[in-house]
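The structure that follows is given in the form of structure tokens.
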Amino acid sequence: MVTGASRGIGRGIALALAERGWCLTLAARDPARLAAAAAEATAAGAARVDCVEVDLAAPDAPAALVAAHAARHDGLDALVLAAGVGSAGPLDGYPIARYDKQFALNTRAPFVLVSQALPLLRAAARRRPSSGARIVALASIGGVYAEPSLTVYGATKAALLALCRGLNAEESAGGVTATAIAPGYVDTDMSAWVHDTVPPETMIPVDDVVTAVTALLDLSPRSVINEIVISRAGTGGYQA
């Protein structure tokens, strides 16, 4: 299952898994973009592609997505949490509506997806003990190191890191593991707002993040990686 699968990093991961012949459940808000990503995944070699049009910021949406997957499959080998939203601004006067939207999509939705999907993940881990089941959450370097004007966004992503660590403490002995990937600015449309100060050619390529994800999925469940921080070349390593 890949959330945020219609664009950016989520789409890149979905296509990489399609090339490996995975059965995919793809989730996104925009039906046209989702259909296009599904068509690309099918053409790339996915064994099966199911689409779920959903706004994961809605309270009941994460559980509905897991239920839609469970209606078609009796396990879940990998859960990729790539859906997210960001909004910059200083803490002084930060709009509470923007705060709520980011926590709903970046923090609450992943928690519900993970908790609701655990029976499916455990079933997959039992079925393939040499591979286990893995969760990959797209966090941000802003959740590791403070960044001016990204305090709220960073807080939502820091929660993802804690979620992955906690899941590993509770579930890794049974073959279900999780990793948060925390990159600096990645060259997607979500980062276009800083092109005047951070040129896209200096940003992390989507393909590099995709490579990290596929490498994680190739690991045995005996290896646990709580998080991977990816910084941009030319920086001190502690900034987006």
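The values are calculated or read from the model by the stated rules, or taken from the named source; none is laboratory data. These figures come from a predicted structure and were not determined experimentally. Heads up, the Cβs are rebuilt from the backbone with ideal geometry, glycines too, and the neighbour counts pull from every protein chain shown. Only protein heavy atoms, including side chains, enter the accessible area calculation; ligands, DNA and RNA are left aside. Shrake-Rupley method; radii C 1.70, N 1.55, O 1.52, S 1.80 Å.
Name the residues in region 86-136 that are of a type in the set (Val, Ile, Thr) and closer than 27 Å to VAL186 by Cβ, would you?
THR107, VAL112, VAL114, ILE135, VAL136
Check ALA83, ALA46, ALA88 and return the single one that is assigned to a loop (DSSP other than H, G, I, E, B), free of Cβ contacts under 8 Å to residues at least 40 places away in the same chain, surrounded by 15 or more Cβ atoms within 10 Å (Cβ to Cβ) and touching a helix residue (DSSP H, G or I) at 6+ places or on another chain (Cβ under 9 Å).
ALA46
VAL136 - would you say it is among the aliphatic types (A, V, I, L, M), touching a residue at least 60 places away in the same chain (Cβ under 8 Å) and either part of a strand (DSSP E or B) or open to solvent by 30 Å² or more (accessible area, probe 1.4 Å) (or both)?
So VAL136 fits the description; yes.
It is to be established whether one or more residues within region 146-157 are open to solvent by less than 40 Å² (accessible area, probe 1.4 Å), touching a residue at least 40 places away in the same chain (Cβ under 8 Å), out of contact with any Asp or Glu (no Cβ under 9 Å at 6 or more places or on another chain) and within 22 Å of GLY12 (Cα to Cα).
Yes, some residue in region 146-157 is open to solvent by less than 40 Å² (accessible area, probe 1.4 Å), touching a residue at least 40 places away in the same chain (Cβ under 8 Å), out of contact with any Asp or Glu (no Cβ under 9 Å at 6 or more places or on another chain) and within 22 Å of GLY12 (Cα to Cα).
Here is a follow-up. I'm told ILE141 meets every condition in (1) open to solvent by less than 10 Å² (accessible area, probe 1.4 Å); (2) over 19 Å from the mean Cα position of the chain (by Cα); (3) among the β-branched types (Val, Ile, Thr) except one. Can you identify the failing condition by its number?
It fails just one condition, (2).
If you check SER172 against the conditions, is it touching a residue at least 40 places away in the same chain (Cβ under 8 Å), open to solvent by 10 Å² or more (accessible area, probe 1.4 Å), of a type in the set (Ser, Thr, Tyr) and assigned to a loop (DSSP other than H, G, I, E, B)?
Answer is no for this residue.
Filtering region 178-229 down to residues that are in a strand (DSSP E or B) and not aliphatic (A, V, I, L, M), which residue is nearest to SER149 (Cα to Cα)?
Only one residue fits best here, namely PRO183.
In region 1-43, which residues are assigned to a strand (DSSP E or B) and open to solvent by 20 Å² or more (accessible area, probe 1.4 Å)?
CYS23
Would you point out which residue out of LEU163, LEU167, LEU216 is under 19 Å from the mean Cα position of the chain (by Cα) and open to solvent by 20 Å² or more (accessible area, probe 1.4 Å)?
The conditions single out LEU163.
Which one of the conditions (1) assigned to a loop (DSSP other than H, G, I, E, B); (2) open to solvent by less than 60 Å² (accessible area, probe 1.4 Å) does PRO59 fail to meet, given that it meets all the rest?
Of everything listed in (1) assigned to a loop (DSSP other than H, G, I, E, B); (2) open to solvent by less than 60 Å² (accessible area, probe 1.4 Å), PRO59 misses just condition (2).
So is ALA64 in contact with a helix residue (DSSP H, G or I) (Cβ under 8 Å, 6 or more places away or on another chain), at pLDDT 95 or above and not acidic (Asp, Glu) or not?
In short, no.
Right, something else. Scan region 65-87 and tell me whether some residue there is within 25 Å of ALA14 (Cβ to Cβ) and of a type in the set (Asp, Glu).
Yes, region 65-87 has at least one match.
Just to be sure I understand the filter: pairs with C-beta atoms under 9 Å, separated by 6 or more residues or on different chains, first member in region 18-29 and among the hydroxyl-bearing types (Ser, Thr, Tyr), second member in a strand (DSSP E or B) and crowded, with 18+ Cβ neighbours inside 10 Å. Which pairs pass?
From residues that are among the hydroxyl-bearing types (Ser, Thr, Tyr), the pairs are THR25/VAL2; THR25/VAL49; THR25/CYS51; THR25/VAL52.
Could you list, ordered by first residue, the pairs with Cβ atoms under 7 Å in which the first is in region 97-111 and more than 12 Å from ALA158 (Cα to Cα) and the second is part of a helix (DSSP H, G or I), at least 6 apart or interchain?
Taking only residues 6 or more apart or on different chains, the pairs are TYR99/VAL152; GLN102/VAL152; GLN102/TYR153; GLN102/THR156; ALA109/PRO62; PRO110/LEU160; PRO110/LEU163; PHE111/LEU163.
Would you check if there is a residue in region 140-151 being within 16 Å of VAL112 (Cα to Cα) and among the small types (Gly, Ala, Ser)?
no
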